[in-house]
1. Residue check: is residue 88 closer than 19 Å to residue 128 by Cβ and either of a type in the set (D, E, K, R) or touching a residue at least 12 places away in the same chain (Cβ under 8 Å) (or both)?
2. Pairs only if they're at least six apart or on different chains, beta carbon under 8 angstrom, first in the stretch 104-128 and open to solvent by less than 60 Å² (accessible area, probe 1.4 Å), second among the basic types (Lys, Arg); list them, first residue then second.
3. Go through the stretch 104-130 residue by residue and tally those that are out of contact with any Gly (no Cβ under 8 Å at 6 or more places or on another chain), assigned to a strand (DSSP E or B) and within 22 Å of residue 14 (Cβ to Cβ).
4. Looking at the structure I just gave you, is residue 96 over 12 Å from the mean Cα position of the chain (by Cα) and outside any loop (DSSP other than H, G, I, E, B)?
5. Given (1) modelled with pLDDT of 95 or more; (2) farther than 29 Å from residue 130 by Cβ; (3) among the charged types (D, E, K, R), where does residue 50 come up short, assuming only one miss?
6. Find the residue count for the stretch 55-66, including only residues that are surrounded by fewer than 16 Cβ atoms within 10 Å (Cβ to Cβ) and either among the polar types (S, T, N, Q) or not in a loop (DSSP other than H, G, I, E, B) (or both).
7. Considering (1) within 28 Å of residue 94 (Cβ to Cβ); (2) touching a helix residue (DSSP H, G or I) at 6+ places or on another chain (Cβ under 7 Å), say which one residue 64 fails and leave the rest.
8. Exactly one of (1) open to solvent by less than 20 Å² (accessible area, probe 1.4 Å); (2) modelled with pLDDT of 95 or more is unmet by residue 85. Its number?
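The values are calculated or read from the model by the stated rules, or taken from the named source; none is laboratory data. Not measured: the values here are computed from a predicted model. All Cβ positions, glycine included, derive from the backbone under ideal geometry; neighbour counts span all protein chains shown. Heavy atoms of the whole protein, side chains included, go into the accessibility calculation; ligands, DNA and RNA do not. Shrake-Rupley method; radii C 1.70, N 1.55, O 1.52, S 1.80 Å.
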Amino acid sequence: MAGTSGGRPSIYPTLLYADAKAAIRQLTQAFGFTELSVYEGEDGSVTHAELAQGNGAVMVGTRGTGSVFDKAMKGAGTTGVYVVVDDVDAHHRRAVDRGAEILMPPTDQDYGSRDYMARDLEGNVWSFGTYAPETPG
C-alpha cells in the first residue's frame, strides 16, 4: 500500500458543493481551514480546491460540472468528516461567532475525546475534537 512522503496525508475527503466558493469561505472563516489552492473553470466554478487543517486536508469542488467525479457522486448524500483540533472550545467559539449551525456543543465523550458537531451550508456534518487514534505506520 502506498504511504505518504513529506508529511502529506494519505486520505483526503472530497466534497462537492452547489456553491463551492461559499463553502470555502465558511470552512476557512468559521472552521479555521487554510486555503492551499483553488482552481476555477472558465465559468468561475471551483473545479478543484485543497484546504488544510492541522496535518490533514480536504478537497472541494463544484457540484454539477459534468466531470467524471461529479457524475460518480450524482445523487450522493451529504457526508460527515472528523477533524482533530487542539482546543475544542476555542474552535467552537470561532464557529459560533461566524454563524455556523452547531448540532452539538463541546461535549466530553466516554472514549476520552472532547468534541462538537456542526453542519456546513450544504448539509455536511463536521465534527471537531481531540480524539486522534494512532494508525499503523
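1. Answer is yes for this residue.
2. Once the first residue is open to solvent by less than 60 Å² (accessible area, probe 1.4 Å) and sits in the stretch 104-128, its partners that are among the basic types (Lys, Arg) give 106/114; 107/114; 125/119; 126/119.
3. Counting residues in the stretch 104-130 that are out of contact with any Gly (no Cβ under 8 Å at 6 or more places or on another chain), assigned to a strand (DSSP E or B) and within 22 Å of residue 14 (Cβ to Cβ) gives 5.
4. yes
5. Of everything listed in (1) modelled with pLDDT of 95 or more; (2) farther than 29 Å from residue 130 by Cβ; (3) among the charged types (D, E, K, R), residue 50 misses just condition (2).
6. 1
7. (1)
8. Status for residue 85: all satisfied but (2).
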